[in-house]
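Below: the structure, in structure tokens.
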Amino acid sequence: MSIVTVQLGQCGNQVGHELFDIICSDALEGQRKVYSTASCERFFHQTTHGELVARAVLIDMEPKVINQSISRAAKSGRWRYGESSHFSQKQGSGNNWANGYCVHGPRHRAVVEELVRREVERCDRLAGLMAMMSVAGGTGSGVGTYATQCLRDIYPKSFILNHLTWPYGTGEVIVQNYNSVLTLAHLYQLSDAILVHENDTVHRICSQLLNIKHISFGDVNGVIAHQLGSILQPALTADSHGVYSRNPLGELVSALTCHPEYKLLSVCTIPQMPSSSMAYSTFSWPSLLKHLRQMLISNTKMEEGIDWQVRPPAGSERTRSFTGPSFNTSLANLLILRGKEVYSAETGGFEDPALYTSWLSSEEAFNLWKSPVPFNKYEKCATLVSNSQALLRPLDNMVGKAWNMFASRAYIHQYVKFGISEEDFLDSFTSLEQVISSYGQLS
């Protein structure tokens, strides 16, 4: 089954290109015929000449980034984008969610829907749709939200995963918190799951783990794409009986989002290191999984700086506010192991009921996928996708900053002139306050 990716705005198109590049080079590495076939069917279709063409639609209100992505893919010589699978305009959305959602989205709806329909019809069987976007600017967030709404209307029974890149906390755009609140509140009604990468976290990984001195957006996007690829590449599930799973998005959603109030997914991967260090490093599954478990419960997104003092609460301590000691309660976790000796890995530590909310058994809350094929040159690689309180604090901060601006009516007129009213803002705040409350009550 195949995934159709919709890349929206500058960020969505840059991350999407990196993702396809990593997936293609990983699939074509070495003698892995079954794995390679499953991966290519999932993300590419083949021309009569045997060329791999990404199952992707590229959308932006400015042409520059799309042109760069198409050109870089073609130059790789391994894969390319479809010749008519992209759409761009000459004028951007001016970092204004309302301009993207109320103006550009409706104006270009028919073209975007037709591009997606063509890609979907090329699939023998559709596993689902993945929309990739940033929440800070205007096109990714505004047009991206509108496009997701259109996809939900046209494909009401298909799985839709939104991959969101959250902006730096210190800010790239003065109204980024408004754009983020409006995007998240709307997507919560439309999407089956929302997978989030925070720029601040990824930046720290580039700096502290990969030892990159002058960090570019390309470096950040490469880390995001590596983590996404490690989730989406073929793996064996508990029910797949030795055959690579057919429906990655469906299985991801059913494993992690069992309740409509809880759709926010975070991800961490271990190990992550400069490619120059890989040849001199050896890893054991017990060590990797011990670190990854502590990263989960202490809400640390990388293996450097783990707080080893955090412990799962005993039964009598299960009630506490999220402002207390920083134990991260999970609703559900999906652990994906790739590489050598994967069948000998002991994962019992992730099945501990103390990690999870009391109203879901750990047997239902924990899922495990495995693949004996190493991923992206890592001999062993473990990725944890978590529906937990990990994003509670950044979400609370984002809503708080947006509310402070809204209380003084800063920049509201810029949104009103494109058709977003103060009531729309209030509805979005109310919706996200409910999400924050729900996640706060997990512990």
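Return the residues of region 170-191 that are part of a helix (DSSP H, G or I) and hydroxyl-bearing (Ser, Thr, Tyr); say none if nothing qualifies.
TYR178, SER180, THR183, TYR188, listed by residue number.
Restricting attention to region 165-199, report how many residues are touching a residue at least 40 places away in the same chain (Cβ under 8 Å) and acidic (Asp, Glu).
2
Residue by residue through region 93-123, note down the ones that are β-branched (Val, Ile, Thr), closer than 19 Å to SER141 by Cβ and more than 23 Å from the chain's Cα centre (by Cα).
Hit for region 93-123 is VAL103, nothing else.
Would you call ALA74 open to solvent by less than 40 Å² (accessible area, probe 1.4 Å) and either over 20 Å from ALA131 (Cα atoms) or touching a helix residue (DSSP H, G or I) at 6+ places or on another chain (Cβ under 6 Å) (or both)?
no
Report yes if GLY242 is within 30 Å of ASP124 (Cα to Cα) and either in contact with a helix residue (DSSP H, G or I) (Cβ under 9 Å, 6 or more places away or on another chain) or assigned to a helix (DSSP H, G or I) (or both), otherwise no.
no
What helices (runs of 4 or more DSSP H) lie completely within region 322-425 and have 2 or more residues being within 24 Å of LYS290 (Cβ to Cβ)?
Here the list reads 362-365.
So which residues in region 55-67 are in contact (Cβ under 8 Å) with a residue 40 or more places away in the chain and either in contact with a strand residue (DSSP E or B) (Cβ under 6 Å, 6 or more places away or on another chain) or open to solvent by 40 Å² or more (accessible area, probe 1.4 Å) (or both)?
ARG55, ALA56, VAL57, LEU58, ILE59, ASP60, GLU62, ILE66
Search region 261-287 for residues that are assigned to a strand (DSSP E or B) and pair each with any residue that is open to solvent by 20 Å² or more (accessible area, probe 1.4 Å) when their beta-carbon atoms are under 7 Å apart and the residues are at least 6 apart or on different chains.
CYS268/LYS301; ILE270/HIS291; ILE270/GLU303
With respect to GLY82, determine if the residue is surrounded by 24 or more Cβ atoms within 10 Å (Cβ to Cβ), small (Gly, Ala, Ser), assigned by TED's automatic domain parsing to the domain that holds GLY144 and under 29 Å from ARG107 (Cα atoms).
Here the answer is no, as GLY82 does not meet what is asked.
Is one or more of the residues making up region 125-141 part of a loop (DSSP other than H, G, I, E, B), of a type in the set (S, T, N, Q) and in contact (Cβ under 8 Å) with a residue 12 or more places away in the chain?
No, region 125-141 contains no residue that is part of a loop (DSSP other than H, G, I, E, B), of a type in the set (S, T, N, Q) and in contact (Cβ under 8 Å) with a residue 12 or more places away in the chain.
Would you mind stating whether SER230 is within 17 Å of the chain's Cα centre (by Cα), more than 18 Å from SER428 (Cα to Cα) and of a type in the set (Ser, Thr, Tyr)?
Yes: the conditions hold for SER230.
Could you run through region 156-195 and say how many residues are among the aromatic types (Phe, Trp, Tyr) and at pLDDT 95 or above?
Count: 2.
Among the residues of region 407-424, what is the count of those that are at negative phi and either touching a helix residue (DSSP H, G or I) at 6+ places or on another chain (Cβ under 6 Å) or assigned by TED's automatic domain parsing to the domain that holds LEU252 (or both)? Before the answer, list the steps.
First, the residues of region 407-424 that are at negative phi: 407-408, 410, 412-418, 420-424.
Pick out the ones that are also either touching a helix residue (DSSP H, G or I) at 6+ places or on another chain (Cβ under 6 Å) or assigned by TED's automatic domain parsing to the domain that holds LEU252 (or both) and you get 415, 418, 420.
Total meeting the criteria: 3.
Every residue in region 421-437 that is open to solvent by 10 Å² or more (accessible area, probe 1.4 Å) and β-branched (Val, Ile, Thr), please.
THR430, ILE436
Considering LEU184, LEU249, which residue is within 13 Å of the chain's Cα centre (by Cα) and in the same structural domain as GLN14 (by TED's automatic domain parsing)?
Numbers: LEU184 fails: within 13 Å of the chain's Cα centre (by Cα).
Going through LEU184, LEU249 in turn, just one is within 13 Å of the chain's Cα centre (by Cα) and in the same structural domain as GLN14 (by TED's automatic domain parsing): LEU249.
What is the residue count in region 1-29 for residues that are more than 17 Å from the chain's Cα centre (by Cα), closer than 18 Å to GLY77 by Cβ and open to solvent by 10 Å² or more (accessible area, probe 1.4 Å)?
Result for region 1-29: 3.
The values are calculated or read from the model by the stated rules, or taken from the named source; none is laboratory data. All values derive from a computational prediction rather than experimental measurement. Because the Cβ atoms are built from the backbone with ideal geometry, glycine has one as well, and the counts that use them run over all protein chains shown. Areas reflect the complete protein model, heavy atoms only, side chains present, ligands, DNA and RNA absent. Shrake-Rupley method; radii C 1.70, N 1.55, O 1.52, S 1.80 Å.
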